[in-house]
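Shown next, in structure tokens, is the structure this report addresses.
The values are calculated or read from the model by the stated rules, or taken from the named source; none is laboratory data. Predicted model, so just to flag it, every value in this text is computed and none were measured. Cβ: placed from backbone, ideal geometry, glycine included. Neighbour counts: every protein chain shown.
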Amino acid sequence: MSTSNDPRRDLIALFDEMGSILELLGANGFKVNANRKVARVLEDLTGDITAYRDDPKGLQAMDGIGKSSAEKICEFLRTGRMEEYEQLVAEVPDGLLDVLEIPGLGPKTVRAIWEHAGVESIPDLERAIAEGGLDDVPRMGKKTIQNIADSIEFMKKSTDRTPLGTAMPLAEGLVDQLGAHSGVSRIAWAGSLRRGRDTIGDLDILACCEDAASLIELFQSIDGVEKVLLAGDTKCSIRLDRGIQIDLRVVPEAAFGAALMYFTGSKEHNVVLRERAIKAGMRLNEYGLFPDDGDDEPPQARGIAPVASETEESIYAALELPCIPPELREERNTLETVPELITVEDIKAELHAHTTASDGHLSIEELVAVAKARGFHTIAVTDHSRSSVQANGLDEDRLRAHIDAVREVNEHTKGITVLAGSEVDILSDGRLDYDDDLLAALDIVVASPHVALSQDPKKATARLLAAIAHPLVHIIGHPTGRIINRRPGLSPDMDALIAAAVEHDTALEINANPQRLDLRDVHVRAAVEAGCRIAIDTDAHAESHFDFLRYGVITARRGRCTPADCVNSLSAKALHAWLKSKRS
């Protein structure tokens, strides 16, 4: 059992792996899902998991963690081991879980090739394919075997899940291209992309088209198609050479809203809606919301008219619910209360941006012109501090000269306020990169961690708490320092950081760069619920980076952030008053 310096991450991996092993062993779905549920609960935990070392009842108070799971968590926190995990691991070959990671191979298939062909690892599977060892496995035809071989090759050259900032422009381009096809009346992307997850597995696109066959033919011919995985009358799946799978479904226009709801998900959200429909004497599926007459045959197949189907709004209304924004359609969200979530249009200021003084590509004047064109009332120039040598960070003398240059631009610019600031490194011991006299000369201080990003959680917590409590710090930039698919960043006690941020009136940033999206959505929600100020900044280094704003807003919406929670949405008067209050 390998462990890191972050017990929460270790526990998430252990419970996920136990779920996978149980699937391979043919355990009942309830037991499998119970372990996966615990992993999801721990993913959303913002506090220090070690605080529950001797408190199984405290763990059981969390929805989704039962007595048995709580005891296993406490066992691991006390000993670094989990007996049930070790027993399960001993029941399957070491390499079999790797086989389960091959795209398109479910647990039933993996179990079948294990039992009938002796496959215990990916090399075993490759040999079995080459030598014909899978030919006698039940329901394993030549096409299926070839697809498995293709999936192995794909996995070897593919990376992790696709970041939101890569998937969304791709989806937009596809929707524009397919939507221009003759006969297409409605088209949209769905799935985890529509819900705004920070990374995406597959892309799902729904369309209404009079000639489904011609649209599917066009879909197969788009640039970059590496393989057509499936081509039917109303569904087609392709894999692009960049490694992402895209599914197109052509659906009836009368059922578009129901299909969009169903394929947007999440699975857990759909389950809750179906249960609500059942209680109301109705049935909900991808074709619509129908009266339930007790017949097992699907109502749409019997010509039963739906209660609602054309729009999502009509279905939610029929279920006596507000229309839930896609970003809130996750398991952890309630249905009855929906706040007025923040939008891109609500953002009136950019408080974290760089110029050519450090590692940006725009001069001060050019940065200000872009911000003004975006309709912002305030732009903060926050170039890197001296310890960020790789980013051409400014030493004290350069910073003082830079402050003067920014102030001069502000004096000669109308229609927007230009703030002289800095993105100041939070050193590994919690000290800041400049002395207090120089920090006090700045209009705004964004304090960010850039080094020692593998610190243990307790040291990381103490480090960030020191920066939050510093009276000259306004914003904690990208608090964990993660880079999606590349490094996990720090794992501090976020509940402690949020409480301190509320106490000291310090904002926590959602860095909108799609490689960061840090704060994460679950952290945003905890911060919003505690009354903490949120900043949404692009960390712009170039003009195009201002377009990152939408990714930060999506993350904020997933955390139930409203305009009132965000400092970037404040009026100029209110924003500048808050900034100055940190200088009193």
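Key figures
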item: Test: residue in segment 455-466 that is in contact (Cβ under 8 Å) with a residue 24 or more places away in the chain, in the same structural domain as V381 (by TED's automatic domain parsing), over 22 Å from S584 (Cα atoms) and part of a loop (DSSP other than H, G, I, E, B); result: yes
item: Helices (runs of 4 or more DSSP H) wholly inside segment 68-170 containing at least 1 residues that are among the hydroxyl-bearing types (S, T, Y), in contact with a Cys (Cβ under 8 Å, 6 or more places away or on another chain) and assigned by TED's automatic domain parsing to the domain that holds S237; result: none
item: Filtered residues of segment 424-454 (kept if touching a residue at least 40 places away in the same chain (Cβ under 8 Å), under 25 Å from R9 (Cα atoms) and more than 27 Å from the chain's Cα centre (by Cα)); result: L427
item: Enumeration of residues in segment 46-67 that are surrounded by fewer than 19 Cβ atoms within 10 Å (Cβ to Cβ) and either of a type in the set (A, V, I, L, M, F, W, C) or not assigned by TED's automatic domain parsing to the domain that holds L14 (or both); result: A51, A61, M62
item: Some residue of segment 300-307 being within 28 Å of V41 (Cβ to Cβ) and not basic (K, R); result: no
item: Filter result (under 23 Å from the mean Cα position of the chain (by Cα) and modelled with pLDDT of 95 or more) within segment 240-258; result: I246, D247, L248
item: Residue count, segment 475-503 (criterion: surrounded by fewer than 18 Cβ atoms within 10 Å (Cβ to Cβ) and acidic (D, E)); result: 1
item: Residue that is surrounded by fewer than 24 Cβ atoms within 10 Å (Cβ to Cβ) and either in the same structural domain as S363 (by TED's automatic domain parsing) or touching an Asp or Glu at 6+ places or on another chain (Cβ under 9 Å) (or both), where the choices are A542, A556, A512; result: A542
item: Number of positions in segment 294-309 that are in a loop (DSSP other than H, G, I, E, B) and surrounded by fewer than 11 Cβ atoms within 10 Å (Cβ to Cβ); result: 4
item: Scope segment 509-527; condition within 10 Å of the chain's Cα centre (by Cα) and among the aliphatic types (A, V, I, L, M); matching residues; result: L517, V522
item: Enumeration of residues in segment 74-99 that are within 12 Å of L125 (Cβ to Cβ), of a type outside the set (V, I, T) and surrounded by 18 or more Cβ atoms within 10 Å (Cβ to Cβ); result: L96
item: Close pairs from segment 203-230: first more than 24 Å from G165 (Cα to Cα), partner in a loop (DSSP other than H, G, I, E, B), Cβ under 6 Å, at least 6 apart; result: C209/G183; E210/G183; D211/G183; A212/T234; L215/H181; L218/H181
item: Unique match (being among the β-branched types (V, I, T) and more than 12 Å from the chain's Cα centre (by Cα)) among I534, I554; result: I534
item: First in segment 250-278 and within 23 Å of G294 (Cα to Cα) and part of a helix (DSSP H, G or I), second anywhere and modelled with pLDDT under 95 and of a type in the set (A, V, I, L, M), Cβ under 7 Å, 6 or more apart; result: V272/L335
item: Enumeration of residues in segment 377-434 that are among the charged types (D, E, K, R), in contact with a Leu (Cβ under 8 Å, 6 or more places away or on another chain) and part of a strand (DSSP E or B); result: D383, D425
item: Output for segment 2-38, where each listed residue is in contact with a helix residue (DSSP H, G or I) (Cβ under 7 Å, 6 or more places away or on another chain), under 20 Å from R78 (Cβ atoms) and aliphatic (A, V, I, L, M); result: L11, I12, L14, M18, V38
item: Selection count where residues are in contact with a Pro (Cβ under 9 Å, 6 or more places away or on another chain) and either hydroxyl-bearing (S, T, Y) or modelled with pLDDT of 95 or more (or both), scope segment 266-304; result: 9
item: Complete set of residues in segment 316-340 that are outside any loop (DSSP other than H, G, I, E, B), touching a helix residue (DSSP H, G or I) at 6+ places or on another chain (Cβ under 8 Å) and not hydrophobic (A, V, I, L, M, F, W, C); result: P326, E327
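Okay, residues lined up against (1) in contact with a helix residue (DSSP H, G or I) (Cβ under 6 Å, 6 or more places away or on another chain); (2) within 23 Å of A452 (Cα to Cα); (3) of a type in the set (A, V, I, L, M, F, W, C):
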residue	(1), (2), (3)
R487	no, yes, no
D505	no, no, no
A527	yes, no, yes
G531	yes, no, no
S544	no, no, no
V553	yes, no, yes
T562	no, no, no
A577	no, no, yes
